[in-house]
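Here is the structure we will look at, set down as structure tokens.
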Amino acid sequence: MSLPTLLLLAGAAVWWWYYRRPRHGAGASAAARARALRTPLVRLADAVGLHTRAGALARRSAAGAAGERRTAARLAPLTHEGWHVFHDRALPTGRANVDHLLVSPTGAVFLPDTKRWSAAHPVRIRAGRLLHGDRDVTARLDGLHHETATVSRVLGVPVTPLVVMDGPDLLGPHDRRASRLELHGVRIIPADRITDHLRHQARIPGQRRPSDVAAAVERHLPPHTHHHRTR
């Protein structure tokens, strides 16, 4: 086998290992999607300025991963205050994951879902619909409703869904800046206020001991990338 062929094969192996290898923690699943989409051809197209659907999806996934990592950094101090904090956990069926899952010192369970949307347009609620600028994005909460119901069933306790809005401002009545919005049982919180919001909610009593709930998370909701690598 010639030296150029060996070098080409070695380069392909390095690419496969670096861009496809499983990683864990906040944003791992979104980052894995971005790496999977960035095939050599897509990377070449990006390099020469050609816009592809796969490239756009990869950039969106990478931005989502960055948003999840920022949320994780904001949530990290809670681990020193008696909270159990989990990131990027797999649901029992399908390929869906939850971005973050928290168990408070009183045993209450919260499911924050990071949304990294453009800051160019505000988020507001009008006539029972969630709008990002003029675009109706209500359906983007459907996945969170499904995740919340599934996690609640698996853990056997109520779960409170939250949207961590990383980017756009929230506007309330009369288009005044708001510290939170609520639609169909989902609270939408600016990313820079999520930790304070959760601290405020820490007094809510749970139905089971926090350690028991955390153990159930470890047992039934494994890290997403590890779960799908070993299935």
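The values are calculated or read from the model by the stated rules, or taken from the named source; none is laboratory data. As the structure is a prediction and not an experimental result, all values here were calculated from the model. Cβ sites come from the backbone with ideal geometry, for glycine too, and all protein chains shown count toward neighbours.
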Inset, instruction - Could you check how many residues of the stretch 171-200 are in contact with a His (Cβ under 8 Å, 6 or more places away or on another chain) and part of a helix (DSSP H, G or I)? - result: 0
Inset, instruction - Give the residue that is nearest to residue 187 (Cα to Cα), with candidates limited to residues of the stretch 113-125 that are outside any loop (DSSP other than H, G, I, E, B) and modelled with pLDDT under 95. - result: 113
Inset, instruction - Check 190, 173, 105 and return the single one that is over 14 Å from the mean Cα position of the chain (by Cα), under 30 Å from residue 212 (Cβ atoms) and not hydrophobic (A, V, I, L, M, F, W, C). - result: 105
Inset, instruction - Examine the stretch 111-132 for a residue that is small (Gly, Ala, Ser) and closer than 13 Å to residue 214 by Cα, and state whether such a residue exists. - result: no
Legend entry - Selection count, the stretch 77-95, where residues are without any contact (Cβ under 8 Å) to a residue 24 or more places away in the chain and at positive phi: 1
Inset, instruction - Identify, by number, the condition in (1) over 30 Å from residue 108 (Cα atoms); (2) modelled with pLDDT of 65 or more; (3) of a type in the set (A, V, I, L, M, F, W, C) that residue 17 doesn't meet. - result: (2)
Inset, instruction - Evaluate the following for residue 203: is it exposed (fewer than 14 other Cβ atoms within 10 Å of the Cβ) and part of a loop (DSSP other than H, G, I, E, B)? - result: yes
Inset, instruction - Scan the stretch 134-142 and give yes if some residue there is on the phi < 0 side of the Ramachandran plot, surrounded by fewer than 19 Cβ atoms within 10 Å (Cβ to Cβ) and part of a strand (DSSP E or B), otherwise no. - result: yes
Legend entry - Filter result (part of a strand (DSSP E or B) and either touching a Leu at 6+ places or on another chain (Cβ under 6 Å) or surrounded by fewer than 14 Cβ atoms within 10 Å (Cβ to Cβ) (or both)) within the stretch 143-170: 159, 161, 170
Legend entry - Filter result for the condition that a residue is closer than 23 Å to residue 216 by Cβ and at pLDDT 95 or above, over 171, 130, 181, 101: 101
Legend entry - Pairs where the first residue, in the stretch 55-76, is part of a helix (DSSP H, G or I) and buried (at least 17 other Cβ atoms within 10 Å of the Cβ) and the second is of a type in the set (Asp, Glu) and at pLDDT 75 or above, C-beta under 6 Å, 6+ apart: 67/166; 68/99
